[in-house]
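Scroll down for the structure; my scribbles are underneath it.
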Amino acid sequence: MMQSTFAKLTLPLILLCTAFSLSCSKHAAPSLKRYPFTGRIVLIDKANQSAIIDGDAIPGFMDAMAMDYKIKFAADVSQLAAGDLISAEVVVAQSKDKDSAPDYWLENVKVVSHAKPAGDKSDAKPSAELHVPAAGEEVPDFQFTNQNAKRISLKQYRGQVLFVTFIYTRCPFPDFCPRVGAQFAQLNQLLAGDPALAGKTHLLCISFDPEHDTPKALRDYGFSLAHSRQAAVFERWEFAVPRAADLPQIADYFALTYKPEDGLITHSLSTAVIGPDGKIFSWYHGGEWQVSELVKDAAGALRGQG
């Protein structure tokens, strides 16, 4: 009798363990690869544990370029300052799901040399530093083609607060273009419902994929983000793309980094608030900004105009 009871108890336990084992195999931890890394800090965002780093080439992984990197440990971030030369490990986590984009971050961050005092050009890095938009800096009159195949330029938005961010319509990374697009959709709704801001603000999403992002592609993308097929969507929220020849200069001004790779584009994030005077009011790297921050910026930029 005891053997029969034991068998009855054991069989479900074996089945449970087997099911658990199969479940674990389906959700196996991503594989990790580590690469030695060196670069110079361009900008630190300590609140979000990230930094734009002008990195040297990583053999077998990527060319030299400036990118936005997450830094795993807060203690590593606290020791860093803009201009510091660092060494670290880039950790790349590739999910078992081949359709998922790899995640990456920095570990074992060490300062090789601290930033030089102003005016000290010794040991300067020969490559050009990434331009970072600064408050009060006048924005060049860049030109684009919008979702209606109409030529537009930044100058035409003088007198309004202009929100600018960068996307491309094929971006599969949920924490990049789709997230920024959803935040702009929320921003658009909030501004439309505020009588003090509705007629004095404008949104512009700029693509850095001129080969693919035709006016039709941008138009369809805008409709999908706005959850509407009404052309009125574009009266205050436009989608545009520059000429391929103009893209490097535009990207450089807004501290945007991008690199075509395996049919997609690896890129950083850049969002700017341009005041009614055509000057930078605020600039955000990465995608951790809150919609409420941009609404507050709009109010501040309009007060400054007054």
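Numbers for the structure displayed
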| read-out | value |
| --- | --- |
| Some residue of region 234-245 being out of contact with any Ser or Thr (no Cβ under 9 Å at 6 or more places or on another chain), in a helix (DSSP H, G or I) and small (Gly, Ala, Ser) | no |
| Output for region 31-56, where each listed residue is over 16 Å from the mean Cα position of the chain (by Cα), open to solvent by 10 Å² or more (accessible area, probe 1.4 Å) and at pLDDT 85 or above | 32, 33, 34, 35, 36, 38, 40, 56 |
| Subset of region 275-288 [over 23 Å from residue 169 (Cβ atoms) and not in a loop (DSSP other than H, G, I, E, B)] | 279, 280, 281, 282, 283 |
| Residue in region 207-224 that is touching a helix residue (DSSP H, G or I) at 6+ places or on another chain (Cβ under 9 Å) and either assigned to a strand (DSSP E or B) or at pLDDT below 95 (or both) present | yes |
| Options 145, 165; residue that is over 20 Å from the mean Cα position of the chain (by Cα), within 21 Å of residue 254 (Cβ to Cβ) and outside any loop (DSSP other than H, G, I, E, B) | 145 |
| Of the criteria (1) under 20 Å from residue 292 (Cβ atoms); (2) open to solvent by 10 Å² or more (accessible area, probe 1.4 Å); (3) touching a residue at least 60 places away in the same chain (Cβ under 8 Å), which one residue 191 fails | (2) |
| Evaluation of residue 240 against (1) closer than 21 Å to residue 217 by Cα; (2) surrounded by fewer than 21 Cβ atoms within 10 Å (Cβ to Cβ) (one fails), failing number | (2) |
| Within region 57-84, tally of residues that are closer than 18 Å to residue 269 by Cα, among the small types (Gly, Ala, Ser) and modelled with pLDDT of 85 or more | 0 |
| Qualifying residues in region 246-255 (those that are open to solvent by 10 Å² or more (accessible area, probe 1.4 Å) and farther than 15 Å from residue 210 by Cα) - the one modelled with the lowest pLDDT | 252 |
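The values are calculated or read from the model by the stated rules, or taken from the named source; none is laboratory data. Bear in mind that the values here come from a model prediction, so they are computed numbers and not experimental data. Quick reminder, even Gly has a Cβ in these numbers, built from the backbone with ideal geometry, and neighbours come from all protein chains shown. What goes into the accessible areas is simple: the full protein's heavy atoms, side chains included, and nothing from ligands, DNA or RNA. Shrake-Rupley method; radii C 1.70, N 1.55, O 1.52, S 1.80 Å.
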